[in-house]
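Trainee: Encoded as structure tokens, here's the structure I'll be asking about.
The values are calculated or read from the model by the stated rules, or taken from the named source; none is laboratory data. All values reported here derive from a predicted model rather than from experimental measurement. Cβ sites come from the backbone with ideal geometry, for glycine too, and all protein chains shown count toward neighbours.
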Amino acid sequence: MACPAKGLVRKFMVESMEGGPTDTSPCTMPPPFSSYARDSYLRRKGASINQVQIWEHNYRKNQNMKS
């Protein structure tokens, strides 16, 4: 290693160094969502966004009443 690092920095650099080629791919992607899981996710995401918008509206309404 040509780096002048010392101590813990060097230790972590050496530990994270690639040792050689591997037979496995660098990452594995999870299987794609089923249509039911995707629709459920999008429905929950939409409901969460709507809830936050309601909170923001109520907050602004309360701030205007105080002014």
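Trainee: Do we have any residue at all in region 49-67 that's loosely packed, with under 10 Cβ neighbours inside 10 Å, out of contact with any strand residue (DSSP E or B) (no Cβ under 7 Å at 6 or more places or on another chain) and at pLDDT below 80?
Mentor: Yes; the residues of region 49-67 include at least one that is loosely packed, with under 10 Cβ neighbours inside 10 Å, out of contact with any strand residue (DSSP E or B) (no Cβ under 7 Å at 6 or more places or on another chain) and at pLDDT below 80.
Trainee: Continuing with this model, one more query. May I ask you to say which residue of 12, 33 is surrounded by 10 or more Cβ atoms within 10 Å (Cβ to Cβ) and not in a helix (DSSP H, G or I)?
Mentor: When all the criteria are applied, what remains is 33.
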